[in-house]
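Undergrad: Input: one structure, supplied below.
The values are calculated or read from the model by the stated rules, or taken from the named source; none is laboratory data. Everything numeric in this text was worked out from a predicted model, so none of it was measured. Glycine also receives a Cβ, built like all others from the backbone with ideal geometry; neighbour counts cover every protein chain displayed.
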């Protein structure tokens, strides 16, 4: 086993890991030898790296009532378009090339992140093909001991660091809800994370459970391909947002059904309105749960942990990133439904860098806990969405980030609205629609 010491260990070389490393080097006054990024695939990009090496097998097994469901830890499929315009998705200091289009494909985003890592000299900090098996905080000297398995050399590295920054995202554990009668189903079961291309479903009758971003887009891809016998989408509440999401699917003959009630004999699916369908494949587009198996610690109680027991929600994180019980543990980019995730990662990374260089001092535990408690009564997952401006502005005010949300994002939003609305010469409609959340997706459907 090799030993190495550094000041910061970052888990993950996706967008959040790269921007965190950049600001630690450029603002946090750290050298390349002080920062180690651990990446288990063979290149940067995180979830945008479709062709990365498969994750550890134990991380991808999902079952319901003992029935295995096919999943993957590479949830980006062929022909995927971003669900945000590139003008709003980019980091503040590096735009996407115009040639990538308004809604870039997966490989263009991967290339963008590769160039970003090159420009900021991050490759010297990265351990590729390395899997984090365990992270623990020592009581003797208070440092983090991170055990890393090097896949190429079939060896272990023990890293010792002052801080541990988790940038592995929240697409780690596919979630599949319980279904009454599932054991009776004789067809294929899979999660949307395992979807790759429409050709895999030729002559199948596919039932997609869930109609948010992934479910609606997969439904559109399958319906438009005309390879399936039928495409059925089960949506519990078909409100206006889902109707917009499912536009491509419905225009190409997809069948929309209400919530699933139970599975009966001979693959009969009974829906809440009494209707029945007979799929040969059930695809669960039902999201993910937070999972950090390398951080499992039996000594930490469920109440004091960084994640709720069911994996549904992060907790005890001051300003949504600093673990209150131990500020040397940090999580970047764990909130859901981010308007501009790369930029929000950037605000968080800059704030963290100012803490590392001593410019920003964290308040006492009691004050940090007050901030956490003020958000603890919010129902559901930690969804930023329309809270993004106030959240990012608050971090910028503390850390001195050059550019408030209103100075960076709103001009980009105005420009994007004008592009999307220009075919109809309705700029005002474009701006209003964007504020409602529909223009993004309508424009994306044109590209799709």
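Undergrad: Output the number of residues of the range 70-85 satisfying the condition of being over 15 Å from the mean Cα position of the chain (by Cα), closer than 18 Å to residue 287 by Cβ and crowded, with 20+ Cβ neighbours inside 10 Å.
TA: Total meeting the criteria: 1.
Undergrad: Something else: With 283, 227 as the choices, which residue is at pLDDT 95 or above, within 22 Å of residue 201 (Cβ to Cβ) and out of contact with any strand residue (DSSP E or B) (no Cβ under 7 Å at 6 or more places or on another chain)?
TA: Result: 227 is the single residue among 283, 227 that is at pLDDT 95 or above, within 22 Å of residue 201 (Cβ to Cβ) and out of contact with any strand residue (DSSP E or B) (no Cβ under 7 Å at 6 or more places or on another chain).
Undergrad: Take residue 283 and decide whether it is in a strand (DSSP E or B) and without any contact (Cβ under 8 Å) to a residue 24 or more places away in the chain.
TA: No: the conditions fail for residue 283.
Undergrad: Among (1) loosely packed, with under 14 Cβ neighbours inside 10 Å; (2) at pLDDT 95 or above, there is one condition residue 166 misses while meeting the rest; what is its number?
TA: Against the list (1) loosely packed, with under 14 Cβ neighbours inside 10 Å; (2) at pLDDT 95 or above, residue 166 comes up short only on (1).
Undergrad: With respect to residue 318, determine if the residue is assigned by TED's automatic domain parsing to the domain that holds residue 148, buried (at least 22 other Cβ atoms within 10 Å of the Cβ) and within 29 Å of residue 161 (Cα to Cα).
TA: No.
Undergrad: Here's something else I'd like to know. Provide a single number: the residues in the range 364-390 that are surrounded by 14 or more Cβ atoms within 10 Å (Cβ to Cβ) and either more than 26 Å from the chain's Cα centre (by Cα) or modelled with pLDDT of 90 or more (or both).
TA: Of the residues in that region, 4 qualify.
Undergrad: For the range 190-202, which positions are buried (at least 21 other Cβ atoms within 10 Å of the Cβ) and either without any contact (Cβ under 8 Å) to a residue 12 or more places away in the chain or touching a helix residue (DSSP H, G or I) at 6+ places or on another chain (Cβ under 8 Å) (or both)?
TA: Those that are buried (at least 21 other Cβ atoms within 10 Å of the Cβ) and either without any contact (Cβ under 8 Å) to a residue 12 or more places away in the chain or touching a helix residue (DSSP H, G or I) at 6+ places or on another chain (Cβ under 8 Å) (or both): 192, 195, 198, 201.
Undergrad: Where in the range 1-53 are the strands (runs of 3 or more DSSP E), entirely inside, with at least 2 residues that are modelled with pLDDT of 95 or more?
TA: Correct list: 8-11, 35-38.
Undergrad: Moving to a separate point now. What residue, among those in the range 203-224 that are modelled with pLDDT of 95 or more and out of contact with any helix residue (DSSP H, G or I) (no Cβ under 7 Å at 6 or more places or on another chain), is farthest from residue 272 (Cα to Cα)?
TA: 203
Undergrad: On to the next question. When you check residue 331 against the structure, is it under 18 Å from residue 92 (Cβ atoms) and either in contact with a strand residue (DSSP E or B) (Cβ under 9 Å, 6 or more places away or on another chain) or crowded, with 22+ Cβ neighbours inside 10 Å (or both), yes or no?
TA: Here the answer is no, as residue 331 does not meet what is asked.
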